[in-house]
Amino acid sequence: MSMNFSQTRHQSQRLNKTMIETLAIMRMNRVEMHEFLSDAAEKNPFIELESHKDSTPGQASYDVDAMSTDLADVSEHGIFQHVVKQLPYVCTTPGDLEIARAFLLELDLSGWLSASVEEIAEKYALNAPDCAEMLVRLQTLEPAGLFARNLRECISLQALDRGQLDDIMRHIIDHLDELRCFDPEHLAKRIGCNTSDILERVRLIRRMDPKPGAQFDFQEAPRKTDDVTVAVVDGKLTVTLNNFSFPSVRALRLDTSNHRSGPNTERLRHLVQEARSLKKACELRNATTLSLVTAIFIRQPDFLKAGFAALRPMRMRDLASEIGVSESTVSRILHGLTILCSQGNVPARALFCNAVTYGNETQTKHAALQRIRQWVAAEDQQTPLKDEEILARFQKLGFSISRRTISKYRNELGLVSPRLRRKAAKKAPRNAL
């Protein structure tokens, strides 16, 4: 009896550890997953990552090859290829590469960033402090000035690279706008230096390049690699996971002919069991994601044909109950997840909408958004529709919607107030001349 009890207790402890590890992996986003697996593969020689074809046992697979697949159709002499070739100098982990990828996708053709650090972190589901740290590294790449967020930062980076960023140069860059109506004596008096010092540094600034990215071939930005691809093939829904976003683990076997007994046998067997547990946890994570995305499109069959206006009301808690996981797990899996389908690149979270009452039926807010967009596009620009007038139209259609919600939806569509739309219409003829 004591032996059976001991065995049961040992199995229970091992099961609990496996369950805890599985739950942790289920809640990891893509960056955290790659970091975790990379660390596990370095510590355990029986773990082999299969996210890339050149993986080797006990080693993490992170290099620019995966990112280069996104750049297959862009110019070899373009800014994006130029940056990718330098990434090994600033990226040392899979997480670094993922963050750098996000910044690259927001790089303007001028070489400047088109979004703030906070916006990039939120858009790609990344940690904001890690993004801020990566930006500092990316701003060391050549040519100096890349990844600047504004003109002042672009000039400062070039001055720093050339060893010209002294206190006087910093003050001049801070007052860069005043160079348009340049008064060297006034600027020298304001900064507290000689006029000759001002003239010398202004001469250096005028030799700098305000658009360091313009020297490269013109090209469109590379498309972000999607996490999941959804399509209808021969009338059947197919869901495919991207191997880079959802890597799989291979657990190598222990050669028992060489390790039948000995001081290290038990430790090696423990590592093998650890590798098998990790493999099962990754398989469960991937299978859960596959089930979740499949469940989404089973509930939203019309989205692939008609887009957001055809979405049906859907909550995360409903899908969580359907696939047998918690709502928080669903939320975590969907955080930052992108889906490639007939409607383009779609954030998975955007497919979830609350209901809007329409007569005796329910629709999502996208039905209201589509109507607002259509009505404003067809309005008389000299007398644009007021929010109260849009509300009246919805009430005639049977929509239960408030005036405040109308304004909220209009802002979501990027439509300014009626007063500003009328003002813009009055200026349009003069701007066209």
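Let's see how each residue does on (1) among the hydroxyl-bearing types (Ser, Thr, Tyr); (2) modelled with pLDDT of 85 or more; (3) in a strand (DSSP E or B); (4) over 26 Å from Phe80 (Cβ atoms):
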| site | (1), (2), (3), (4) |
| --- | --- |
| Arg203 | no, yes, no, yes |
| Val232 | no, yes, yes, yes |
| Gly262 | no, no, no, yes |
| Arg267 | no, no, no, yes |
| Gln273 | no, yes, no, yes |
| Arg276 | no, yes, no, yes |
(request) Being in contact with an Asp or Glu (Cβ under 9 Å, 6 or more places away or on another chain) and closer than 23 Å to Asn354 by Cβ is the filter here, so list the residues in region 376-403 that pass it. (result) Gly398, Arg403
(message) List the helices (runs of 4 or more DSSP H) inside region 318-412, counting only whole elements, that have at least 2 residues being at pLDDT 80 or above and under 30 Å from Phe246 (Cβ atoms).
(response) 327-334
(request) Check Leu340, Leu311 and return the single one that is touching a His at 6+ places or on another chain (Cβ under 6 Å), under 24 Å from Lys123 (Cβ atoms) and surrounded by 16 or more Cβ atoms within 10 Å (Cβ to Cβ). (result) Leu311
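The values are calculated or read from the model by the stated rules, or taken from the named source; none is laboratory data. Quick caveat: nothing in here was measured; it's all calculated off a predicted structure. For neighbour counting, all protein chains shown are included, and Cβ atoms are generated from backbone atoms with ideal geometry for every residue, glycine included.
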